[in-house]
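The values are calculated or read from the model by the stated rules, or taken from the named source; none is laboratory data. Keep in mind it's a predicted model, so treat the numbers as computed, not measured. For neighbour counting, all protein chains shown are included, and Cβ atoms are generated from backbone atoms with ideal geometry for every residue, glycine included. For accessibility, only protein heavy atoms count, side chains too; no ligands or nucleic acids. Shrake-Rupley method; radii C 1.70, N 1.55, O 1.52, S 1.80 Å.
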Amino acid sequence: MRGPALLAAAVACMATAPRPPLRMNDVQVIGSHNSFKARIPDAVLAAIRERAPQEAEALDYDHLSLTAQLDRGVRQLELDIFADPAGGRYADPAGERIAKAAGEATGFDRAAMLQPGFKVFHIPDIDYLSGCVTFRRCLKEIDDWSRAHPGHLPIMITINAADKPSGRAGIGDPLPLTAPLLDALDGEIRATLAPGRVITPDEVRGKASTLRDAVQGTGWPTLERTRGRLYFVLDVRPEVGELYRAGHPSLQGRPIFGWYDPATPEGVVQIVQDPLVDGAKIRDWVREGVIVRTRSDLPTTDARAGSHARADAAAASGAQAVSTDYYPGAPSRPGIRFAVTLPGGVMERCNPRLRPETCTLR
């Protein structure tokens, strides 16, 4: 076979060669930050502004319901959790007393706060209102939406826990997360979500020795296998992360992935706050098979400045989840016109760092 004929045969072979299947890390989606957050009552925000104007400005945002966010294409959610094993620890927030004294009706669900179990809100006493209140209620709302839309891309749910005293006046202290409380957190996931609904570390690891070996060898599960399902990432201080993996090498038996050094057996997910600073690091991790969640805007500052520099850097980095407070249709404030999408105005696309060739998610 002469040169031209050989070249033509090679091109034809390339054209017909099957492409490897898309995997769950081969996507990029828009997510939301503090996805549960409800609007702070006016009287409470005014009290915060009098003491700390910059803090008040940073807290002055809120979200649609989890269902409405998912309807708009959000595919990464964040839940802030507070342990409350006996119930009632957060049932009498100082902010609610301020709001009531000012005659504001807040919709605060005290009955839910009296129940034992993890609660979901932002900051004790001052940013205490939530769209879903309890961890189980949040999970059920997400699961109900997911079951009604079975073909959706896998939804990442980051679980954030600020479980140490803030040291700030007027803000109650949370319970530190202990090994039994982390087991209880796992228990709430298992009690709320049916088997198979969650993409677990065990499923990703498969027959590999470690999670890291799995994602660098076989890779993450295929997109087809993970559509219509959820996966969790624990965003906690390092001491709590160590408690979570103690006795669970490569998170064996755990339903939640953790945020660990990428050189460790468990280090397959990373959370990066600023893609303007760490864009190169994100790109390297993504190419190595790590799933990354990053931010497209810092609390209200980028929106107030009308700057998309951070959002553009986040999208270009290839981070699989780009988290914002300003997805299309999100509640805004007077004078702020700001929305974050991926290039082309889309909420999901093939990952530009992993699948730069022509690719479709449908």
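With labels modelled as points extended 7 Å from the Cα through the Cβ direction, what inter-label distance (nm, one decimal) is found for ILE336 paired with SER65?
2.3
From the square roots a ≥ b ≥ c of the eigenvalues of the alpha-carbon gyration tensor of the stretch 130-218, which class results: rounded (a/c under 1.5), prolate (a/b over b/c), or oblate? Before the final figure, lay out each step's value.
Details: a/c = 2.34, a/b = 1.40, b/c = 1.67.
Oblate shape, in that a/c is at least 1.5 and b/c is the bigger or equal ratio.
Between GLU242 and LEU175, what FRET efficiency comes out of the Förster formula 1/(1 + (r/R0)^6) with R0 = 22 Å and r the beta carbon distance, rounded to 0.05?
Working: r = 18 Å, r/R0 = 0.81.
Once rounded, the FRET efficiency stands at 0.75.
Taking only Cα atoms, what is the 0 to 90° angle, nearest 10, from helix 275-287's long axis to the longest principal axis of the chain?
Between the helix axis and the principal axis of the chain, the angle is about 40 degrees.
Give me the accessible area of HIS149, 1.4 Å probe, in Å² rounded to the nearest 10.
70
Which of the aspartates and glutamates could a cross-linker span from LYS164 if the Cα-Cα distance has to be under 18 Å and same-chain partners fewer than 8 positions apart are dropped?
Within the straight-line cut-off, LYS164 pairs with ASP80, ASP84, ASP125, ASP127, ASP173, ASP235, GLU239, GLU242.
Report the accessible area of CYS138, computed with a 1.4 Å probe over the heavy atoms of all protein chains in place, in Å² rounded to the nearest 10.
Rounded to the nearest 10, that gives 0 Å².
Could you sort LYS207, LYS100, LYS119, LYS140 by accessible area so the largest value comes first, with the probe set to 1.4 Å? Could you put the intermediate results ahead of the total?
Working: LYS207 210, LYS100 140, LYS119 0, LYS140 115 Å².
Heavy-atom accessible area, descending, gives LYS207, LYS100, LYS140, LYS119.
Counting only C-alpha contacts under 8 Å and six or more residues apart, can you give the relative contact order of the stretch 136-243 as a whole percent? Write down the numbers at each step before the final one.
Values: 107 pairs, mean separation 49.7, N = 108.
Answer for the stretch 136-243 is 46 percent.
Could you work out [θ]222 nm for the chain from helices alone, using -39500 (n - 2.57) per DSSP H run of at least four and dividing by all its residues? Round to the nearest 500 deg cm²/dmol. Walk me through the numbers before you get to the answer.
Details: 15 runs with 128 residues, N = 362.
Mean residue ellipticity, 222 nm, calculated: -10000 deg cm²/dmol.
At 0.36 nm per residue, minus the direct Cα-Cα distance, what do THR218 and CYS359 gain on full extension? Give it in nm, one decimal, please. Show your work: numbers first, answer last.
Working: separation 141, 0.36 × 141 = 50.76 nm, distance 2.07 nm.
Working it through step by step, the gained length comes to 48.7 nm.
Mind listing the long-range amide H neighbours of ASN351? Cut-off is under 5 Å, sequence gap 5 or more, other chains count too, H placed in the peptide plane at 1.01 Å from N.
Sorted by chain and number, the residues that satisfy this are VAL27, GLN28.
Residue by residue through the stretch 305-310, which ³J(HN,Hα) values in whole Hz follow from phi under the Karplus form 6.51 cos²θ - 1.76 cosθ + 1.60 (θ = phi - 60°), with glycine and proline marked x?
For the stretch 305-310, the Karplus curve yields 7, x, 9, 9, 4, 5 Hz.
Using the heavy atoms of the protein chains alone and a 1.4 angstrom probe, what is the accessible area of the stretch 197-312 per residue in square angstrom? Don't skip to the answer; put the middle values down first.
On the way: 4610 Å² over 116 residues.
It amounts to 40 Å² per residue over the stretch 197-312.
Expressed as a rounded percentage, what relative contact order does the chain have, with Cα pairs under 8 Å and six or more residues apart?
Numbers: 694 pairs, mean separation 75.0, N = 362.
Relative contact order here is 21 percent.
Please calculate how many Å² of accessible area the stretch 15-154 carries per residue, with a 1.4 Å probe and no DNA, RNA or ligand atoms counted. Write out the running numbers ahead of the final one.
Working: 5700 Å² over 140 residues.
It amounts to 41 Å² per residue over the stretch 15-154.
What are the radius of gyration and Dmax of the chain, computed over its Cα atoms and given in Å?
My reading of the Cα-based Rg and Dmax gives 21.8, 89 Å.
Ignoring any ligand, DNA or RNA, what whole percent of the accessible area of the chain comes from carbon and sulfur when the probe is 1.4 angstrom? List each step's numbers first, then the result.
Numbers: 8600 of 15630 Å².
Accessible surface attributable to carbon and sulfur in the chain totals 55 percent.
Using amide H atoms built in the peptide plane, which far-off residues or other-chain residues are under 5 Å from SER323 H to H?
It is GLY31, THR294, ARG295, SER296, by chain and number.
Amide H of ILE157 versus every other amide H placed in the peptide plane: which residues, excluding those fewer than 5 positions away on the same chain, fall under 5 Å?
LEU77, TYR231, PHE232, VAL233
With unit charges on the beta carbons (Lys and Arg positive, Asp and Glu negative) and the dipole taken about the Cα centre of the chain, which residue among GLY172, ALA111, LEU79 sits farthest to the positive side?
With unit charges placed on the Cβ atoms, the residue in question is LEU79.
For the chain, take the longest principal axis of its alpha carbons; what is the angle in degrees between that and the long axis of helix 3-16, to the nearest 10 within 0 to 90?
Compared with the principal axis, the helix lies near 30 degrees.
Using the basic label-point model (7 angstrom from Cα toward the beta carbon), what is the LEU276 to ALA184 distance in nanometres?
Placing both labels 7 Å beyond Cα along the Cβ direction yields 4.1 nm.
Report, in degrees rounded to the nearest 10, the 0 to 90 angle that the Cα long axis of helix 135-148 makes with the longest principal axis of the chain.
40
Hey, what does the equivalent ellipsoid look like for the stretch 240-285, semi-axes from the Cα gyration tensor as sqrt of 5 times each eigenvalue, largest first, whole Å?
On the way: eigenvalues 118, 20, 12 Å².
Output for the stretch 240-285: semi-axes of 24, 10, 8 Å.
Fully extended, how many nm does the chain gain between ARG225 and ALA94 (0.36 nm per residue separation, minus their Cα-Cα distance)?
Working: separation 131, 0.36 × 131 = 47.16 nm, distance 4.64 nm.
Answer, rounded to one decimal: 42.5 nm.
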